[in-house]
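Trainee: My questions all concern the structure below.
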Amino acid sequence: MSLLTLKQAEVIIDQAIEKARQMKLPALAVVVLDDSGHIKAVKREDGASMFRVDIGQAKAWGSVAMGCSSRALANRAKQNQNFFLSLAATSGGRFLPQQGGVLIRDAAGTILGAVGISGASGDQDELCAAFGVEQAGFKPDVSG
């Protein structure tokens, strides 16, 4: 059984932030969750708003809970809005189907967790998240 370590989670975060700095994006919050949806590591850059951690966590949590990227969830939500509103309510607000949540998979395809980013556009958040996952030696899953 593969487990996501704290060190690996920190690499994901640091590399995602480094990519964001290279792209000159606004200040981000990056949250890495394990496969049970528990926080493994979090960083909020100086200047990131107070909601960024919560939003990043909700993107990652939805990805782990549903086994697909938050991009896929956003696409599904367009077709079934009431169901996704119910999921958000049932989860106590921990569920956000918006781009920027990326699954972390090992070489065998097993879900190890997810990373959620908030601070830039959804596409930019997702790009930085996927980059961080790759740099840590894992497969980012942005599909669904």
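The values are calculated or read from the model by the stated rules, or taken from the named source; none is laboratory data. If you're wondering where the values come from, they're calculated on a predicted model, not measured in any experiment. Backbone-built Cβ (ideal geometry, glycine too); neighbour counts: all protein chains shown.
Trainee: Conditions first: (1) farther than 18 Å from LEU4 by Cβ; (2) modelled with pLDDT of 95 or more; (3) buried (at least 20 other Cβ atoms within 10 Å of the Cβ). GLN124 passes all but one, so which condition is the exception?
Mentor: With respect to (1) farther than 18 Å from LEU4 by Cβ; (2) modelled with pLDDT of 95 or more; (3) buried (at least 20 other Cβ atoms within 10 Å of the Cβ), GLN124 is out only on (3).
Trainee: One residue is enough: does region 58-67 have a residue meeting the conditions more than 10 Å from the chain's Cα centre (by Cα) and in a helix (DSSP H, G or I)?
Mentor: yes
Trainee: Which of the residues that make up region 11-38 are surrounded by fewer than 17 Cβ atoms within 10 Å (Cβ to Cβ), in a helix (DSSP H, G or I) and of a type outside the set (S, T, N, Q)?
Mentor: Correct list: ASP14, GLU18, ARG21.
Trainee: If you check ASP34, ASP46, which single one turns out to be among the charged types (D, E, K, R), more than 14 Å from ALA120 (Cβ to Cβ) and in contact (Cβ under 8 Å) with a residue 24 or more places away in the chain?
Mentor: After applying the criteria, what remains is ASP34.
Trainee: To continue, here is another question. Taking region 115-130 as the search range and keeping residues that are touching a strand residue (DSSP E or B) at 6+ places or on another chain (Cβ under 8 Å) and among the hydrophobic types (A, V, I, L, M, F, W, C), which one is farthest from LYS24 (Cα to Cα)?
Mentor: Going through the qualifying residues, I end up with VAL115.
Trainee: Can I ask one more? Looking at (1) in contact with a Leu (Cβ under 6 Å, 6 or more places away or on another chain); (2) touching a residue at least 60 places away in the same chain (Cβ under 8 Å); (3) closer than 17 Å to GLU134 by Cα; (4) assigned to a helix (DSSP H, G or I), which is the one condition that is false for LEU4?
Mentor: All conditions pass for LEU4, except number (4).
Trainee: Checking the conditions here, which among ALA41, ALA72, ALA108 is more than 11 Å from the chain's Cα centre (by Cα), surrounded by fewer than 23 Cβ atoms within 10 Å (Cβ to Cβ) and free of Cβ contacts under 8 Å to residues at least 60 places away in the same chain?
Mentor: That would be ALA41, the only listed residue that is more than 11 Å from the chain's Cα centre (by Cα), surrounded by fewer than 23 Cβ atoms within 10 Å (Cβ to Cβ) and free of Cβ contacts under 8 Å to residues at least 60 places away in the same chain.
Trainee: Is one or more of the residues making up region 84-97 surrounded by 19 or more Cβ atoms within 10 Å (Cβ to Cβ) and touching a residue at least 60 places away in the same chain (Cβ under 8 Å)?
Mentor: Checked against the condition, which is being surrounded by 19 or more Cβ atoms within 10 Å (Cβ to Cβ) and touching a residue at least 60 places away in the same chain (Cβ under 8 Å), region 84-97 yields no hits at all.
Trainee: Please go through region 94-144 and pick out each residue that is of a type in the set (Val, Ile, Thr) and not in a loop (DSSP other than H, G, I, E, B).
Mentor: VAL102, ILE104, ILE111, VAL115, ILE117, VAL133
Trainee: Okay, next question. Just the residues that are touching a residue at least 40 places away in the same chain (Cβ under 8 Å) and either small (Gly, Ala, Ser) or under 15 Å from GLY137 (Cβ atoms) (or both), please, taken from region 7-31.
Mentor: Matches in region 7-31: GLN8, ALA9, VAL11, ILE12, ILE13, ASP14, GLN15, ALA16, ALA20, ALA27, ALA29.
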